[in-house]
Amino acid sequence: MRKLRSVIIGAGMSGILAAVKLRERGEDFMIYEKGPGVGGTWRENRYPGLTCDVPSHCYTYSFAPNPDWSKFYADGREIEGYFQSVFERYGLADRARFNAEVTRCEFSDTDSRWHIETADGQRDTADVVIAATGVLHHPNIPDVPGLQSFDGPAFHSARWDEQVAVDGKRVGVIGNGSTGVQLVTALAARCAKVVHFQRSPQWIMPGATFEYTPAQREAFRNDPSLMHAIRNDEAYFAALRRYTQGLLNTESEALAETEAIVLKNLEDSIRDPVLREKLRPSYRAACKRMIVSWGYYDAVQSPVVEVERVGIERIEPNGVRLRDGRLQRLDIIVLATGFRTDRFIRPTCVAGRGGVRLDDVWSERPSAFLGVSIPEFPNFFMLNGPTSPITNISLFDVAERQWEYMTPLLELLRSGEAREVSAAAGAMADYDARRIAAAKTTVFAACTSWYLDPQGVPSIWPWAYEAYIEAMRAPVLEDYEIR
Ligand code: NA7
């Protein structure tokens, strides 16, 4: 058996997963992480109110259940702490380099190895590259005139400035995805004034969170099957399956049910008819990634919060000038304007067989066979790569299934049966064609959101969760070019 050396790019959820699995095999690997620590998007995002909308016991590695989750929906700092604890428990510190952004990653046809270079000049070589670089990490900075002229602090939500005191201040939040909604909910209790600038209002799914008591956490510790039961809760998965049916079939009863829930939430929660109309979306529910909130509709009715639907004309030194001529005077502006989700591993320069560049292969849209492999990029595997998201299924689940799927492909390299493995061009073309055709019929195609690729097609798994489980059960070797 050959001992492979792997380079893992990224120390977020997927990268730590790969590292744990390789460490368990006693294999040689190194993690390169551009940031100063582990946790990926949960390290980078530090804004008040940051919460995960997947239940905490589902948002956990299957091999590392966490009896200490304090709440049903965990907050960002707690999730970052979880990654830190897994990283320490598996002794990964000697296998990670932080503040080490991989800038080049080139495949050599001569020795079938990857040659890696970081921004600070480190070089490494590996048989296998695991690109675990995430999706939500390149801030989308809006092209609003005058942004630089603002007198106070102005920053993207993923670049939260912890030196800036928000208490008692007038804060403007631009954008109302999950981030904007969570931020406004948290800031309403702390600020003198919060202005929520919404280009498009969002449907809000009601949810409920609660704290686990010390006795419950003790019980989880003593009997892990209790956590397992929450993780695999039939009712939760049945609801998720039903919700997914709606996303995949816009004519379905299932989507109508989702629409009825969010419409009722709006109608029942917002008392002022003017505000209610401001908050009413004009597109179908679940078309943008559904926001789950248990506090936004209360927060937005607090006297300190104003919702602005009038477009932004420009930013001035004192605040935001609206298209109707009014000036919203502000001390701080937060850009909750999302991420450039078509980037993935880029701007890293990745070159495969014969020097073919990933940037060129992805010139139309980023894609990977089943989200994991790209023709002409041998022994280069992506976790949560393009087309991976499966509705609101936990990305832990997706990444773990992808890892299990890749394992037989890695075995081909270990056993010496192959020196190079990558998706076959025909399989990739077939997957792309079928996937794109199906994605265009999902509800996500009916409005703009971060799910859309540069061609406006939802970059998702457009079939049922069960079909994904089936596809990830084992690779079909005919789908791969094996040399
Ligand atoms: P999202 O969900 O991509 O939301 C971005 C928001 O910013 C959305 O309301 C956009 O409005 C708005 N936006 C973007 N650009 C502009 C400009 N130029 N002007 C005004 N408004 C703008 O990002 P989040 O960070 O909230 O959440 C991302 C995911 O992270 C989330 O789904 C969870 O999975 C975790 P638009 O709808 O395009 O009109």
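The values are calculated or read from the model by the stated rules, or taken from the named source; none is laboratory data. Nothing here was measured: the structure is a model prediction, and the numbers come from that model. No Cβ is skipped: glycine too gets one built from the backbone with ideal geometry, and neighbour counts run over all protein chains shown.
Filter segment 112-126 down to the residues that are in contact with a strand residue (DSSP E or B) (Cβ under 8 Å, 6 or more places away or on another chain) and surrounded by fewer than 12 Cβ atoms within 10 Å (Cβ to Cβ) and list them by number. Don't jump to the end; show me each part of the working.
From segment 112-126, those in contact with a strand residue (DSSP E or B) (Cβ under 8 Å, 6 or more places away or on another chain) are 113-119, 122-126; that's our starting set.
Of everything in segment 112-126, just one residue is in contact with a strand residue (DSSP E or B) (Cβ under 8 Å, 6 or more places away or on another chain) and surrounded by fewer than 12 Cβ atoms within 10 Å (Cβ to Cβ), namely ARG123.
Of the residues in segment 20-32, at least one is among the aliphatic types (A, V, I, L, M), closer than 16 Å to ALA131 by Cα and surrounded by 21 or more Cβ atoms within 10 Å (Cβ to Cβ). Among the residues examined, ARG473 does not qualify as within 26 Å of GLU251 (Cα to Cα), modelled with pLDDT of 95 or more and assigned by TED's automatic domain parsing to the domain that holds ARG346.
Here is the figure for segment 78-108: residues that are under 23 Å from PHE380 (Cα atoms), of a type outside the set (Asp, Glu) and touching a Lys or Arg at 6+ places or on another chain (Cβ under 8 Å) total 6.
For (1) within 23 Å of SER14 (Cα to Cα); (2) in a helix (DSSP H, G or I); (3) within 16 Å of the ligand (Cβ to nearest atom); (4) not hydrophobic (A, V, I, L, M, F, W, C), each residue gets a yes or a no:
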position	(1), (2), (3), (4)
VAL398	yes, yes, yes, no
TYR405	yes, yes, no, yes
PRO408	yes, yes, no, yes
GLU411	yes, yes, no, yes
ALA429	no, yes, no, no
PHE444	no, yes, yes, no
TRP450	yes, no, yes, no
ILE469	yes, yes, no, no
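Against the conditions (1) outside any helix (DSSP H, G or I); (2) within 16 Å of the ligand (Cβ to nearest atom); (3) assigned by TED's automatic domain parsing to the domain that holds ALA471, GLU376 satisfies every one except (2). The set of residues in segment 404-418 that are within 18 Å of PRO375 (Cα to Cα) and buried (at least 16 other Cβ atoms within 10 Å of the Cβ) comprises TYR405, MET406, LEU409, LEU410, LEU412, LEU413, ALA418.
Of the set (1) in the same structural domain as PRO55 (by TED's automatic domain parsing); (2) closer than 30 Å to PRO145 by Cβ; (3) assigned to a strand (DSSP E or B), all apply to PRO347 but (3).
The strands (runs of 3 or more DSSP E) falling completely within segment 120-217 that include 2 or more residues that are within 13 Å of the ligand (Cβ to nearest atom), more than 26 Å from THR387 (Cβ to Cβ) and not assigned by TED's automatic domain parsing to the domain that holds GLY15 map to 170-174, 193-197.
Can you tell me how many residues within segment 133-168 are closer than 30 Å to ALA399 by Cα and among the aromatic types (Phe, Trp, Tyr)?
The first filter runs over segment 133-168 and keeps only residues closer than 30 Å to ALA399 by Cα, leaving 133-141, 156-160.
If we keep only those that are among the aromatic types (Phe, Trp, Tyr) as well, we get 160.
Total meeting the criteria: 1.
Do we have TYR47 as closer than 22 Å to GLN402 by Cβ and surrounded by 16 or more Cβ atoms within 10 Å (Cβ to Cβ) here?
Working: closer than 22 Å to GLN402 by Cβ: no; surrounded by 16 or more Cβ atoms within 10 Å (Cβ to Cβ): yes.
For TYR47, the condition - closer than 22 Å to GLN402 by Cβ and surrounded by 16 or more Cβ atoms within 10 Å (Cβ to Cβ) - is not met.
State whether one or more residues within segment 85-108 are closer than 30 Å to MET1 by Cβ, more than 16 Å from the ligand (Cβ to nearest atom) and touching a Gly at 6+ places or on another chain (Cβ under 8 Å). Yes, the conditions are met somewhere in segment 85-108. ALA19 meets all of the listed conditions (1) touching a Leu at 6+ places or on another chain (Cβ under 6 Å); (2) closer than 30 Å to GLY180 by Cβ but one, namely (2).
So how many residues does segment 104-118 have that are touching a residue at least 60 places away in the same chain (Cβ under 8 Å) and assigned to a loop (DSSP other than H, G, I, E, B)?
Step one: filter segment 104-118 for residues touching a residue at least 60 places away in the same chain (Cβ under 8 Å), giving 104-107, 109, 112, 114, 116, 118.
Pick out the ones that are also assigned to a loop (DSSP other than H, G, I, E, B) and you get 109, 112.
Residues meeting the conditions: 2.
Kindly indicate the residue of segment 453-472 that is without any contact (Cβ under 8 Å) to a residue 24 or more places away in the chain and not charged (D, E, K, R) and also surrounded by the fewest Cβ atoms within 10 Å (Cβ to Cβ) among those meeting that condition. The residue in question is GLY456.
Take the residues in segment 152-197 that are within 19 Å of PRO139 (Cβ to Cβ) and of a type in the set (S, T, N, Q), then tell me which one is farthest from the chain's Cα centre (by Cα). If we take residues in segment 152-197 being within 19 Å of PRO139 (Cβ to Cβ) and of a type in the set (S, T, N, Q), then GLN163 is farthest from the chain's Cα centre (by Cα).
Table: residues versus (1) closer than 16 Å to THR185 by Cα; (2) over 26 Å from the mean Cα position of the chain (by Cα).
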{"site": "LYS264", "(1), (2)": "no, yes"}
{"site": "SER269", "(1), (2)": "yes, yes"}
{"site": "ASP272", "(1), (2)": "no, yes"}
{"site": "PRO281", "(1), (2)": "no, no"}
{"site": "CYS287", "(1), (2)": "no, no"}
{"site": "ILE291", "(1), (2)": "yes, no"}
{"site": "ASP298", "(1), (2)": "yes, yes"}
{"site": "GLN301", "(1), (2)": "yes, yes"}
{"site": "GLU306", "(1), (2)": "yes, yes"}
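Taken over segment 419-437, the residue count meeting the criterion of being crowded, with 16+ Cβ neighbours inside 10 Å and free of Cβ contacts under 8 Å to residues at least 40 places away in the same chain is 1.
So, in segment 267-296, how many residues would count as being among the hydroxyl-bearing types (Ser, Thr, Tyr) and crowded, with 21+ Cβ neighbours inside 10 Å? If you could, list the steps in order and put the result at the bottom.
Narrowing segment 267-296 to residues among the hydroxyl-bearing types (Ser, Thr, Tyr): 269, 282-283, 293, 296.
Add one more test, that the residue is crowded, with 21+ Cβ neighbours inside 10 Å, and what stays is 293, 296.
Count: 2.
For segment 1-58, the tally of residues that are within 20 Å of VAL398 (Cβ to Cβ) and either of a type in the set (A, V, I, L, M, F, W, C) or assigned to a loop (DSSP other than H, G, I, E, B) (or both) stands at 25. Looking across segment 380-398, just one residue is at pLDDT 95 or above and of a type in the set (Ser, Thr, Tyr), and that is THR387.
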